[in-house]
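What follows is a set of notes on a single structure, which appears directly below.
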Amino acid sequence: MFPGFDGGMEWGGGAADPDGNYYVNVNEMPWLLQMVEIRRADGSAVPRGERDYMSYCAPCHGLDRAGNLAGGFPSLIDVGTRKTRDQITLITKQGLGRMPAFDSISEKERNAILDYVLGIAQPSTAQREEQKTASRPGTGVPEYTFSGFRRYLDAAGYPAIKPPWGTLNAVDLNTGQIKWKVPLGEYPELKARGIPPTGTENYGGPVVTAGGLIFIGATADETIRAFDKETGAALWQAKLPFGGNATPSVYMVNGRQFIVISAGGGKSSRPAGGSLVAFALPERPGN
């Protein structure tokens, strides 16, 4: 799937100026979309709990329950050592973070899923053989489930397409034409090898100022940047303690302008934390 589940213009949104120019960051990140049959490799039927897990939970937490940290979905392996059954039950009913509430599934399905996730009442080898015999492979209509949200990466862990993988764009809304497009973000290890900025997966939008600047974090390299709104030229950048996956805010105190961004990270498999970081020009003498 291209540009992917998180591709194109993202939830961070864009910024617009009074002249009718729209500034927006874009992901150029392909994802894999695959359906897998709900059946074991040996042809036996899948037990109820595992079957329901594959239908409801595996798209985010993975068929192997290992999770997807890049997407913000935690591992469920040994989850029973971290949370009680009652806590997990409550999460499935009310949701938490990116997980929606599964309040419409039956209690029988919910309990079967919890039993599977917590490693309770797993079928024995004899039971699996019985299921295999009873399933009569090759008869009936096969059932499939979504294998989960997976980025299409190369062997080194980078997007398996030609860069740029993330861009900042200026669109003239009066004509519908793209005025400029520049890579947004970089991988330091690739830069050290002499590779030009490739752009990175990005989450969080830009803000444009009356002074002709665009400020944006968003990238997977824990950096906030300023660009010239007319040309897209990079004018300034500063490191953040964690990824700035949020739209910056602009405010003024006693005539001094500030830019502040929430640096929480956690996207694109990057470290997570919690900081608000503000920037400003040096104070004028006498202030």
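The values are calculated or read from the model by the stated rules, or taken from the named source; none is laboratory data. Because the structure is predicted, anything quoted here is derived from the model rather than measured. Heads up, the Cβs are rebuilt from the backbone with ideal geometry, glycines too, and the neighbour counts pull from every protein chain shown. Surface accessibility is based on the protein's heavy atoms, side chains included, excluding ligands, DNA and RNA. Shrake-Rupley method; radii C 1.70, N 1.55, O 1.52, S 1.80 Å.
Points to keep in mind about this one:
- In segment 235-253 there is no residue that is assigned to a loop (DSSP other than H, G, I, E, B), farther than 27 Å from HIS61 by Cα and in contact with a Leu (Cβ under 6 Å, 6 or more places away or on another chain).
- Complete set of residues in segment 166-191 that are in contact (Cβ under 8 Å) with a residue 24 or more places away in the chain and assigned to a strand (DSSP E or B): GLY166, THR167, LEU168, ASN169, ALA170, VAL171, ASP172, LYS179, TRP180, LYS181, VAL182
- Some residue of segment 239-250 being surrounded by 14 or more Cβ atoms within 10 Å (Cβ to Cβ) and among the basic types (Lys, Arg): no
- Test: residue in segment 76-86 that is closer than 30 Å to ALA218 by Cβ and touching a His at 6+ places or on another chain (Cβ under 8 Å): yes
- Matching residues, segment 40-50, being touching a residue at least 60 places away in the same chain (Cβ under 8 Å) and open to solvent by 40 Å² or more (accessible area, probe 1.4 Å): ARG40, ASP42, ARG48
- Test: residue in segment 134-153 that is small (Gly, Ala, Ser), open to solvent by 30 Å² or more (accessible area, probe 1.4 Å), at pLDDT below 90 and part of a loop (DSSP other than H, G, I, E, B): yes
- Within segment 24-34, considering residues that are touching a Lys or Arg at 6+ places or on another chain (Cβ under 7 Å) and assigned to a strand (DSSP E or B), the one farthest from THR167 (Cα to Cα): LEU32
Quick grid of which residues meet (1) basic (Lys, Arg); (2) touching a Lys or Arg at 6+ places or on another chain (Cβ under 9 Å); (3) over 19 Å from MET99 (Cα atoms); (4) modelled with pLDDT under 85:
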{"residue": "VAL36", "(1), (2), (3), (4)": "no, no, yes, yes"}
{"residue": "ARG39", "(1), (2), (3), (4)": "yes, no, yes, yes"}
{"residue": "ALA58", "(1), (2), (3), (4)": "no, yes, no, no"}
{"residue": "HIS61", "(1), (2), (3), (4)": "no, no, no, no"}
{"residue": "ASN68", "(1), (2), (3), (4)": "no, yes, no, yes"}
{"residue": "GLY72", "(1), (2), (3), (4)": "no, yes, no, yes"}
{"residue": "SER75", "(1), (2), (3), (4)": "no, yes, no, no"}
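- Candidate set: segment 202-238, residues that are under 14 Å from VAL182 (Cα atoms), in contact with a Gly (Cβ under 6 Å, 6 or more places away or on another chain) and in contact (Cβ under 8 Å) with a residue 60 or more places away in the chain; chosen: the one surrounded by the fewest Cβ atoms within 10 Å (Cβ to Cβ): LYS229
- Where a residue in segment 73-93 is touching a residue at least 24 places away in the same chain (Cβ under 8 Å) and its partner, wherever it lies, is open to solvent by less than 90 Å² (accessible area, probe 1.4 Å) and polar (S, T, N, Q), with Cβ under 9 Å and at least six apart: THR89/ASN111
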